[in-house]
Amino acid sequence: MLLTNRQLFLRHQAQTSPFPALLEIAGAHGNYLIDTSGKKYLDLISGISVNSLGHGNEKVKKAMIDQLNLHQHVMVYGEFIQGAQTNLSATLTSLLPQNLNCVYLLNSGAEATDVALKLAKRVTGRRNILACKHAYHGSTHAALSLNSEEYYKQAFRPLLPGISFINFNDSNAIKQINEDTCCVITEVVQGEAGYIPADKLFLRALRNRCNETGTLLIFDEIQSGMGKTGKLFAFEHDGIVPDILLLGKALGAGMPIGAVVSSQQHMQSLSEGPVLGHLTTFGGHPVIAAAALAGIEVLLESKLMYQVEAKEILFRTLLVHPAIKSISGKGLMLAVVLDTFENNLNVIQGCMADGLITDWFLFADNRIRIAPPLTITTVEIEMACKVILKNINRVYPAFSSSNKLFSS
Ligand code: PLP
């Protein structure tokens, strides 16, 4: 008997969650996903912060096809000169402060995290690392070591030694940075903590203390980069520049990518003592590099970034309800704070049934994730908020019956 795709998925694909969403995708175009029954879903999470330009951008597809016609993989990263890689690296660095002038292209965000830690150790000759509580930097052994939650780590120990955690946005914690600290790594908007922007004072304190102690400051903008906060990189809001920048997710315009950006002087250390300080076969794959470059061009030409603030305001204006405790985040990285996971899950499942895809967060399961493609329109934002409020009304009947304004 022929098995359904759902049966094949559950039987032959490794499962990571006890309750996968099990939406069977037939296609994705613009701001919508379409399932195999033909039902359309407005995408409010962009494949977790990846599809900033919507699904299937024509210019990105053309750039990939053009590159496919030239060549695909030809050699491991760092040996042959390939135009797709050099164009991407040159464009990316032209958009960054002067010290961030050299790029190592990788396959994923977690890999970028690993390379950044190795680079910091190699450059400083030190071993101790400081990370923030409730940060998420990926799932490989090294990136997992930066996860402050023992629940996720205990089964996989031993992990990297020498890692300590500080509270995010606690400027007093900088006392823990000393001459033995090789790097401090932080997100600029904490993602999986439920979209919490860093305070300028915190970033400034980290920058100053890192300067005093010769510690490298790493900003992980894998989730917050590429225009989602209204600037190309979230660190630009406060003008505090890291020594190492991590990018991924939306950088690939729908294709898998990771990138470490630092100074050429720092990066040089990966080619000596030892040589081959980091190797990757597929990092900087030419077809993906071509997609990423086209994605940057589309983002810059479209001026989508400049509409982010107005779209944030519209979400915040419409999402008002007594059951909503607050809305955290910045730009189109927003989180609706409810009371419990059970209620949140109920709202999220109702939204899904109503054709709206959203999600919760790894460390904040009482929050609804709002991270749509930047191409989301005003009408679509209104539609999304209506569906969210309808489902909040359903899940919190006491609130809606006491307040006519919220019954739809
Ligand atoms: N860093 C941040 C801030 C992330 O949000 C993620 C993924 O969610 C990662 C790193 C890991 O990226 P990847 O899943 O591509 O390994």
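Kindly indicate which of Ala120, Ala116, Ala110 is part of a helix (DSSP H, G or I) and open to solvent by 10 Å² or more (accessible area, probe 1.4 Å).
After applying the criteria, what remains is Ala110.
To keep it simple, each residue is scored yes or no on (1) within 13 Å of the ligand (Cβ to nearest atom); (2) of a type outside the set (A, V, I, L, M); (3) in the same structural domain as Asp43 (by TED's automatic domain parsing).
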site	(1), (2), (3)
Lys228	yes, yes, no
Gly258	yes, yes, no
Gln268	no, yes, no
Val308	no, no, yes
Phe315	no, yes, yes
Leu318	no, no, yes
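Residues in region 61-75: is at least one more than 16 Å from the ligand (Cβ to nearest atom), open to solvent by 20 Å² or more (accessible area, probe 1.4 Å), of a type in the set (Lys, Arg) and within 28 Å of Gly273 (Cα to Cα)?
First, pick out the residues of region 61-75 that are more than 16 Å from the ligand (Cβ to nearest atom): 61-75.
Remaining after also requiring open to solvent by 20 Å² or more (accessible area, probe 1.4 Å): 61-66, 68-75.
Add one more test, that the residue is of a type in the set (Lys, Arg), and what stays is 61-62.
Still in the list and also within 28 Å of Gly273 (Cα to Cα): none.
Scanning region 61-75, I find no residue that is more than 16 Å from the ligand (Cβ to nearest atom), open to solvent by 20 Å² or more (accessible area, probe 1.4 Å), of a type in the set (Lys, Arg) and within 28 Å of Gly273 (Cα to Cα), so the answer is no.
Which of the residues that make up region 183-193 are of a type outside the set (D, E, K, R), touching a residue at least 60 places away in the same chain (Cβ under 8 Å) and either within 11 Å of the ligand (Cβ to nearest atom) or surrounded by fewer than 24 Cβ atoms within 10 Å (Cβ to Cβ) (or both)?
Ile185, Val189, Gly191, Ala193 - these are the residues of region 183-193 that are of a type outside the set (D, E, K, R), touching a residue at least 60 places away in the same chain (Cβ under 8 Å) and either within 11 Å of the ligand (Cβ to nearest atom) or surrounded by fewer than 24 Cβ atoms within 10 Å (Cβ to Cβ) (or both).
Being within 14 Å of the ligand (Cβ to nearest atom) and either under 13 Å from Val189 (Cα atoms) or open to solvent by 10 Å² or more (accessible area, probe 1.4 Å) (or both) is the filter here, so list the residues in region 230-244 that pass it.
Within region 230-244, Phe233, Ala234, Phe235 qualify.
What is the one condition in (1) surrounded by 15 or more Cβ atoms within 10 Å (Cβ to Cβ); (2) more than 20 Å from the chain's Cα centre (by Cα) that Ser94 does not satisfy?
Only one criterion in (1) surrounded by 15 or more Cβ atoms within 10 Å (Cβ to Cβ); (2) more than 20 Å from the chain's Cα centre (by Cα) is unmet by Ser94, namely (1).
Scan region 96-118 and tell me whether some residue there is more than 16 Å from the ligand (Cβ to nearest atom), under 23 Å from Gly254 (Cβ atoms), in contact (Cβ under 8 Å) with a residue 60 or more places away in the chain and of a type in the set (A, V, I, L, M).
Checked region 96-118: at least one residue is more than 16 Å from the ligand (Cβ to nearest atom), under 23 Å from Gly254 (Cβ atoms), in contact (Cβ under 8 Å) with a residue 60 or more places away in the chain and of a type in the set (A, V, I, L, M).
Working only within region 245-256, note down all residues that are farther than 17 Å from Tyr136 by Cα, away from the ligand (no atom under 11 Å from the Cβ) and crowded, with 24+ Cβ neighbours inside 10 Å.
Selection gives Ala253, Gly254.
Which of the residues spanning region 367-377 are touching a residue at least 40 places away in the same chain (Cβ under 8 Å) and either open to solvent by 10 Å² or more (accessible area, probe 1.4 Å) or not in a loop (DSSP other than H, G, I, E, B) (or both)?
Result: Arg367, Arg369, Ile370, Thr375, Thr377.
For region 335-393, which positions are in contact with a Gly (Cβ under 8 Å, 6 or more places away or on another chain) and of a type in the set (Gly, Ala, Ser)?
Ala335, Ala364, listed by residue number.
Inspect region 169-181 for any residue being over 30 Å from Asn51 (Cβ atoms), buried (at least 23 other Cβ atoms within 10 Å of the Cβ), more than 14 Å from the ligand (Cβ to nearest atom) and not assigned by TED's automatic domain parsing to the domain that holds Arg369 and give the result as yes or no.
Looking through region 169-181, at least one residue is over 30 Å from Asn51 (Cβ atoms), buried (at least 23 other Cβ atoms within 10 Å of the Cβ), more than 14 Å from the ligand (Cβ to nearest atom) and not assigned by TED's automatic domain parsing to the domain that holds Arg369.
The values are calculated or read from the model by the stated rules, or taken from the named source; none is laboratory data. Treat the numbers as computed from the prediction; the structure is a model and nothing was measured. Positions of Cβ are generated from backbone atoms using ideal geometry, with glycine treated the same way; all protein chains shown enter the neighbour counts. Side chains are part of the model used for accessible areas, which takes the heavy atoms of the whole protein and leaves out ligands, DNA and RNA. Shrake-Rupley method; radii C 1.70, N 1.55, O 1.52, S 1.80 Å.
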